[in-house]
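Notes follow once the structure below has been shown.
Read-outs: derived from the displayed coordinates by stated rules, not from any lab. Here the structure is a predicted model, which is why all the values come from computation and not from measurement. Using ideal geometry, Cβ is built from the backbone for each residue, glycine included, and neighbour counts are taken over all protein chains shown.
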Amino acid sequence: MRLHDYAPRPAHLKWLLDSDPAIRWQVMRDLTGEAPNAIAAERSRVATEGWGAQLLALQSPAGNWGRGPRGWRDDLPKEDRGLLITLYSLVVLKDLGLDPASKQARKMIGRVGQLVFKPLNNRPFLHGETEPCINGRILGIGSYFKEPNDALAKQLLGEQLEDGGWNCEAPRSRRSSFHTTICVLEGLLDYERAGRKSPAVTKARKKAENYLLERRMFRSLRTGEVIDKRWLRFSFPTFWHYDVLRGLDYLRDAGIKADSRVSDAIETVIERRHQNGRWPLNLLHPEHIPLEMETGVGRASRWNTLRALRVLRWYNNSTG
């Protein structure tokens, strides 16, 4: 399956570039192939303009991003709500591509160093907690922002299930969760990129990638049926939620060569495109960060369009 009809057209690129620096620098890197110095210059603006600057400005001197609006996750203690919003805000700053070497990022991560998990004997935030879905994200955040935690990576490796993935319900459940597995995979990839590559980490990551690929990114291994139709709808930010586009974008980012096992998922991406050549925001997840980005549900999404186009380019380059 060749995808010449889905290559980004000038009008699509112009629309994507007429946006926030976080979108622009990734378009320049992934779709238009600009010079490295031009990409770096645009990326540097994430810290001082637009969504990245707005989210950075909302961090408190204590290191957190507040406790959320009234009524949000009232089932949790205030401290836990604050740590969740901090986690989600850091994940988004990573997704925006905030330069981890920038002075703004160093100040931000220094503040995060003050945060602790009180019920876990005041364990530092970047050392993680108990659930692998959260710990995968924390490992990725710490690694991306130059604070990789070896003990947390070791903990996650020890929690990998026999089928190749992870599940926050383990040991009660021995069947992996796509949601947890993608969070840990992304974290391990960032951990490797932080100079912590090892045979054990690579082996765990490959085993988990095969877990997704054997299930064609969204199908039951036993029946071939779609496991969850919500995974066919694309959102941004993804927070901890799995969907087909997030799974494919991970494979692209990890440099995995596409094969026939992703064909169904690629077809799903193509089917989600609107007639105007843009991908809509299909849904918003209920998790909270103190920032609104870009668009409403059902309207054209620059984030989804950027990610879909680079996934299709990756597939084309792998199979051409």
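List of remarks:
- Sorting 154-161, 188-195, 299-306 by their mean Cβ neighbour count within 10 Å, with the most densely packed peptide first, gives 299-306, 188-195, 154-161.
- Percentage relative contact order, region 213-320, counting C-alpha pairs under 8 Å, at least six apart: 29
- For Arg123 and Glu49, a Förster radius of 25 Å and the Cβ-Cβ distance give a FRET efficiency of 0.10, rounded to the nearest 0.05.
- Oblate is the label for region 111-202, because the ratio a/c of its alpha-carbon gyration tensor axes (a ≥ b ≥ c) is 1.5 or higher and a/b is not greater than b/c.
- Alpha-carbon centroid distance for the pair region 306-320 / region 46-86, whole angstrom: 34
- Local electrostatic count, Phe236, Cβ distance below 14 Å [Lys/Arg +1, Asp/Glu -1]: +2
- Region 281-303 and region 179-232 have Cα centres lying 25 Å from one another.
- Placing dummy labels 7 Å off each Cα toward the beta-carbon, the span from Arg196 to Leu283 is 3.2 nm.
- Gain on full stretching of the segment that runs from Arg106 to Ala11 - 0.36 nm per residue minus C-alpha separation: 30.5 nm
- Near-label residues of region 70-93 by backbone N, under 18 Å of a point 7 Å along Cα→Cβ of Glu292: 70-72
- Net charge of neighbours whose Cβ lies under 15 Å from the Cβ of Thr130, counting Lys and Arg as +1 and Asp and Glu as -1: 0
- The amide H of Arg123, built 1.01 Å from its N in the peptide plane, has Phe117 as neighbours under 5 Å, considering only residues 5 or more places off or on other chains.
- Measuring nothing but how far apart in sequence close Cα pairs (under 8 Å, 6+ apart) lie, relative to its length, the chain scores a relative contact order of 16 percent.
- Packing order of peptides 254-264, 37-47, highest average first: 37-47, 254-264 (average count of other Cβ atoms within 10 Å over each peptide's residues).
- Relative protection proxy for 66-76, 81-91, 95-105, from highest mean packing down: 81-91, 95-105, 66-76 (other beta-carbon atoms within 10 angstrom).
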